Amino acid sequence: MIPDKVPNENVFHGSMDLKKEAHIPSFEKYKEMYVNSIENPDAFWGAVAKDFFWKTKPTGQFLDYNFDVTKGEIFIKCMEGASTNISYNLLDRNVYEKKLGDKIAFFWEGNEPGDELTVTYRELLKKVCQFANVLKSQGVKKGDRVSIYMPMVVELVVAMLACVRIGAVHSIVFAGFSAGSLCERILDSQCSLLITADGFYRGDKLINLKVIADEALQKCRDKGFPIQRCIMLKHVSSKPVEIVGAHSPPAKRSCPDLQEKQTGKVKKTRPLLQQVPWNPEVDLCWHTLMHGASDECEPEWCESEDPLFILYTSGSTGRPKGVLHTVSGYMLYCAATFKMVFDHQSDDVYWCTADIGWITGHSYITYGPLANGATSVLFEGLPTYPDVSRLWEIVDKYHVTKFYTAPTAIRLLMKFGVEPVQKYKRESLKILGTVGEPINPEAWQWYYNVVGEKRCPIVDTFWQTETGGHVLTPLPAATPMKPGSATFPFFGVIPAILNESGEELEGPSEGYLVFKQPWPGLMRTVYGNHQRFETTYFKKFPGYYVTGDGCRRDEDGYYWITGRIDDMLNVSGHLLSTAEVESALVEHKAVAEAAVVGRPHPVKGESLYCFVTLTNGVTYNQNLEAELKKQVREKIGAIATLDYIQNAPGLPKTRSGKIMRRLLRKIASNEKDLGDISTLADSTVVEQLFQERCSTAM
Ligand code: PRX
């Protein structure tokens, strides 16, 4: 399945320097290891597992699974019988066994240039233990779910690893989500505690996170699920903060000065939050609790298949799915992919620009790098703030060697030309990476030529929240690259391309991307709804995990992701379900029906184009348009920005009443070639929609 030979022409190779020290220095070596990983997974993964600490050893085979719904319940089990603790492996093992206590785990770079902190492995271990003790003192136990809603600060890593230390299950909600989305996620996983911060800056915009968190908690109460505890980190409030709320808080409950941060070099040049809402019945101060907590905490030893975390991803029904990952398999997979895909070396400074609120941040800011004892940059800010050179300034400041970002960021920066990039040297860079969506060859070339100055291979990593880590990816010193292709499978991963009838296609072909067997990092279930897990990923083609992506395999055996083939949109590398946006729209009393499709966008990849049919008697105007945009933002969060709204007196439907989204996509991008429209009930609807397309979308 992996070709014997890869082409030598029209491909890009990693530099010879890289090959000298690389873990996988040639395509032949990759192929040999790949075959071994498939034919002898116990030996392959057993070798990876040797580097970690196991309280008890596995008793059975490495992977046990059923991928075929017709043969019974779907399950995936890895390293049964083994027990471990990930925080022990990421921290204690690095500090005591590998003697990396004084090594920097994170260079934290704040939103504001000049706001910076460093945290060593030893310091991180202490903070994690302290906060683990805090969680225990608040009654959090093994298996309890804890919701985390925080900006990109070191304390976010501390909070997640403190959960891991005591066997609690973290559910991180990206800090750009709305109160409604946070509430929905808290309710779905029945979290007993929320950890948040007062606020943060995104560029020059202050986000009052605690206000949003409070609104979410109120919504939970209204729905009969009162959360008893909310721990708030003080990040951008003035000192001492004025606490406002329904009751005035007893003095001992107030939030003291931010003493901890004063050990780092943090300068606050922006106006600080003057007031923070505070409910003394529920709210607790991070700093007060940490102050009295011991920095020693015995880890809770967890079984391999104990839950590790839940992370919500969009679902095609509109309700997000709680993707559940478990302990041992996820740890090994993150560790192995990080090491080999970024060819990690001990003197690297690695930087992933994603937010920890997404899977990329979970796997490749926290788990993968720390498992490898890496030094990483943790960045709170934006690529465009205070100017469009910020990323390259940081690369030079910390001598970043491996840099991982999203195609949308590359396309955004491309618009400003080469000068902002060339203001900085970027000599330290060795490997570049992308993730989140297909990268168009033009952006790939710019990244390769301008950012990496033709010396750095680009690892175009295809994966999903569900897959836990990279599944199709080049290996930087081994795989000849083709711009826009995620190339070949990672170890243990067997891809296939199926046609509509579920037949496997051989050779050059295009169809559904599926995987034939699990690898350690694949999700185990949808939290609280195993049936939904089976239906979403295993029902369409029994015997395969179905990704929901289309894929092409070329004559050289390279895989090219062609994009989602379900009702999912990928906006700036983040998945949104059309149903989720539609249901937010129809909640407005003026909207009778809504249909949302993606329209290609030069920076975001896809933008949201919405067709709305109004209720009788309502006329469409700019006020209504603004209201609808606001409603969707409030319902889902800032990632759901509606780019175009078109008043649609009628929607194209089949005779049985199904909306023909395929036609709406054509209308949104003004493509007149409609293909087969024999099932369309009323063709005048389409003509009218073409005539009245959004003027801004011409
Ligand atoms: O459509 C694929 C796209 O992002 C989807 C997964 O989104 P999410 O679960 O939010 O995780 C994003 C970060 C891993 C996939 O189904 N996608 C991700 N990476 C790539 C990609 N499409 C093409 N090329 C990629 N490298």
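Kindly put Tyr620, Tyr121 in sequence by how many other C-beta atoms sit within 10 Å of each C-beta, fewest to most.
Fewest-to-most Cβ neighbours within 10 Å comes out as Tyr620, Tyr121.
Report the one residue of Cys183, Phe200, Gly81 whose Cα lies farthest in the direction of the positive end of the charge dipole of the range 80-204 (charges on C-beta: Lys and Arg +1, Asp and Glu -1; origin at the Cα centre).
Of the candidates, Gly81 comes out farthest on the positive side.
For the range 1-51, what class follows from the C-alpha gyration tensor (a ≥ b ≥ c being the square roots of its eigenvalues): rounded when a/c is under 1.5, otherwise prolate if a/b is larger than b/c, else oblate?
Here the range 1-51 falls in the oblate category.
Can you compute the FRET efficiency between Glu503 and Ser137 using 1/(1 + (r/R0)^6), with r the Cβ-Cβ distance and R0 = 51 Å? Round to the nearest 0.05.
0.30
Expressed in nm to one decimal, what extension gain is obtained for the pair Lys71 and Glu593 from 0.36 nm per residue of sequence separation less their Cα-Cα distance?
Working it through step by step, the gained length comes to 183.9 nm.
Determine ³J(HN,Hα), in whole Hz, for all residues of the range 95-101 in sequence, where each value follows from phi through the Karplus function 6.51 cos²θ - 1.76 cosθ + 1.60 and θ = phi - 60°; x replaces Gly and Pro.
Each residue's phi maps through the Karplus curve to give 6, 8, 7, 8, 6, 9, x Hz.
Which helices count as membrane-span-like in the chain under these terms: full DSSP H, at least 15 Å along the axis by C-alpha, Kyte-Doolittle mean of 1.0 or more?
154-165, 327-341
Mean 1/r over all different Cα pairs, inverted: what Kirkwood radius does the range 11-148 give, in Å?
Radius from the Kirkwood sum: 19.6 Å.
Can you compute the modelled spin-label distance between Glu9 and Asp682, with each label point 7 Å from Cα toward Cβ, in nm?
5.7
Would you kindly compute the Cα radius of gyration of the range 397-463 and its largest Cα-Cα separation (Dmax), both in Å?
11.2, 33
As I understand it, the dipole of the chain uses +1 on the Cβ of Lys and Arg and -1 on the Cβ of Asp and Glu, about the Cα centre. Which of Phe541, Cys285, Val581 lies farthest toward its positive end?
Cys285
Compute the separation of the alpha-carbon centres of the range 293-360 and the range 557-625 and state it in Å as a whole number.
Using only Cα atoms, the two centres lie 30 Å from each other.
Set the Förster distance to 22 Å, then compute FRET efficiency between Lys50 and Asp347 from the Cβ-Cβ distance, nearest 0.05.
In this case the efficiency is close to 0.40.
Give the long-range amide H neighbours of Arg229: residues separated by 5 or more places, or on another chain, with amide H under 5 Å away, using H modelled in the peptide plane at 1.01 Å from N.
Leu194
Can you give me the Cα centroid spacing of the range 502-516 and the range 441-481 in angstrom?
23
Give me the dipole magnitude in Debye, nearest 20, for the range 1-69 about the Cα centre, with unit charges on the beta carbon: positive for Lys and Arg, negative for Asp and Glu.
Taking the Cα centre of the range 1-69 as origin, the dipole is about 280 debye.
Can you work out the FRET efficiency for the pair Asp295 and Thr696, with r the C-beta to C-beta distance and R0 = 35 Å, to the nearest 0.05?
Working from the Cβ atoms, E equals 0.05.
Mind jotting down a quarter of the surface of the convex hull over the alpha carbons of the range 568-681, in square nanometres, one decimal?
7.4
Using the Cα centre of the chain as the reference point, and only Cβ charges (+1 on K/R, -1 on D/E), how large is the resulting charge dipole? Debye, rounded to the nearest 20.
1140
About the Cα centre of the range 1-119, what is the dipole size in debye to 20, counting +1 per Lys and Arg Cβ and -1 per Asp and Glu Cβ, all else neutral?
500
5 Å is the cut-off here: which amide hydrogens, built 1.01 Å from N in the peptide plane, fall below it relative to His601, excluding neighbours closer than 5 in sequence?
Long-range HN contacts for His601: Glu606, Ser607.
Please quote Rg/Rh for the chain to two decimal places, taking the Kirkwood radius as Rh and restricting both calculations to Cα atoms.
Result: Rg/Rh = 0.95.
Identify, among Ser304, Ile365, Tyr121, the residue whose Cα sits farthest towards the positive end of the charge dipole of the chain, taking +1 on the Cβ of Lys and Arg and -1 on the Cβ of Asp and Glu, with the dipole about the Cα centre.
In the chain, that residue is Tyr121.
Values quoted throughout were computed directly from the atomic coordinates according to the rules given, and no laboratory measurement underlies them. Predicted model, so just to flag it, every value in this text is computed and none were measured. Neighbour counts run over all protein chains shown; Cβ positions are idealised from the backbone, glycine included.
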